[in-house]
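Q: Just passing along the structure, written as structure tokens.
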Amino acid sequence: MDKPKILIVDDEIEVVDRIKNFLARNIECDIQKAYSGKQALNIINEEVFDLILLDIKMPGISGIDVLKKVKATNPETDVLMITAYDSQQVAREALKEGAVDYIIKPSTIDVIQSKVKHLLEGKNKYLPKDIKK
């Protein structure tokens, strides 16, 4: 089984690093990071990901715009939106554009891991760190 490829996109560096470090400790996966929508689009143009964790509100190119591009070019990629705004309108828009789910910030790392695990299991790509290949 190939390791899942995950991209984490958020303009808050500490959020990206916290999620990356936690997932890297618990799941066999390859993780890339982006700190803006523009940087995410550049990475997405070069690689295909199994899962993208994507902040909705970022300066410049929004997470919704990145989501639209991902779904247009790689519809099989699951996108899990992250937002600090508990807005049903924003959530509905993200889901309408093809996001599989969303997380409200700040969210516990356990909630994030649970959603990531569930999505990767759906692709038969979940490999916990304590299992040997």
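Q: For segment 34-128, give me every one of the strands (runs of 3 or more DSSP E) that falls completely inside it and has 1 or more residues that are in contact with a helix residue (DSSP H, G or I) (Cβ under 9 Å, 6 or more places away or on another chain), surrounded by 19 or more Cβ atoms within 10 Å (Cβ to Cβ) and modelled with pLDDT of 95 or more. Lay out the reasoning, then the answer.
A: Numbers: elements: 51-55, 78-83, 101-104.
Where strands (runs of 3 or more DSSP E) fall fully within segment 34-128 and carry at least 1 residues being in contact with a helix residue (DSSP H, G or I) (Cβ under 9 Å, 6 or more places away or on another chain), surrounded by 19 or more Cβ atoms within 10 Å (Cβ to Cβ) and modelled with pLDDT of 95 or more, they are 51-55, 78-83.
Q: Any residue in segment 12-30 that is touching a helix residue (DSSP H, G or I) at 6+ places or on another chain (Cβ under 9 Å) and modelled with pLDDT of 95 or more?
A: No; the residues of segment 12-30 include none that is touching a helix residue (DSSP H, G or I) at 6+ places or on another chain (Cβ under 9 Å) and modelled with pLDDT of 95 or more.
Q: Going by what's in this entry, would LYS3 be described as touching a Cys at 6+ places or on another chain (Cβ under 8 Å), closer than 26 Å to LYS129 by Cα and not aliphatic (A, V, I, L, M)? Please lay out each step first, then the result.
A: On the way: touching a Cys at 6+ places or on another chain (Cβ under 8 Å): yes; closer than 26 Å to LYS129 by Cα: yes; not aliphatic (A, V, I, L, M): yes.
Yes.
Q: Looking for something of a type in the set (Asp, Glu) and over 21 Å from THR108 (Cα atoms) - is there at least one such residue anywhere in segment 63-70?
A: Filtering segment 63-70 for residues of a type in the set (Asp, Glu) gives 65.
Then drop every residue that is not over 21 Å from THR108 (Cα atoms), which leaves 65.
Among the residues of segment 63-70, at least one is of a type in the set (Asp, Glu) and over 21 Å from THR108 (Cα atoms), which makes the answer yes.
Q: For segment 1-10, give me each residue that is at pLDDT 95 or above and surrounded by fewer than 20 Cβ atoms within 10 Å (Cβ to Cβ).
A: LYS5, the sole residue that qualifies.
Q: Identify all residues within segment 11-32 that are without any contact (Cβ under 8 Å) to a residue 40 or more places away in the chain and either surrounded by 18 or more Cβ atoms within 10 Å (Cβ to Cβ) or assigned to a helix (DSSP H, G or I) (or both); write none if there are none.
A: Of the residues in segment 11-32, the ones without any contact (Cβ under 8 Å) to a residue 40 or more places away in the chain are 13-14, 16-17, 20-21, 24, 30-32.
Listed by number, the residues that qualify are ILE13, GLU14, VAL16, ASP17, LYS20, ASN21, ALA24, ILE31, GLN32.
Q: Continuing with this model, one more query. Report whether or not LEU67 is touching a residue at least 40 places away in the same chain (Cβ under 8 Å) and either in contact with a strand residue (DSSP E or B) (Cβ under 9 Å, 6 or more places away or on another chain) or within 17 Å of LEU7 (Cα to Cα) (or both). Steps first, please.
A: Values: touching a residue at least 40 places away in the same chain (Cβ under 8 Å): no; either in contact with a strand residue (DSSP E or B) (Cβ under 9 Å, 6 or more places away or on another chain) or within 17 Å of LEU7 (Cα to Cα) (or both): yes.
For LEU67, the condition - touching a residue at least 40 places away in the same chain (Cβ under 8 Å) and either in contact with a strand residue (DSSP E or B) (Cβ under 9 Å, 6 or more places away or on another chain) or within 17 Å of LEU7 (Cα to Cα) (or both) - is not met.
The values are calculated or read from the model by the stated rules, or taken from the named source; none is laboratory data. Predicted model only: the values in this text are computed from it and were never measured. Using ideal geometry, Cβ is built from the backbone for each residue, glycine included, and neighbour counts are taken over all protein chains shown.
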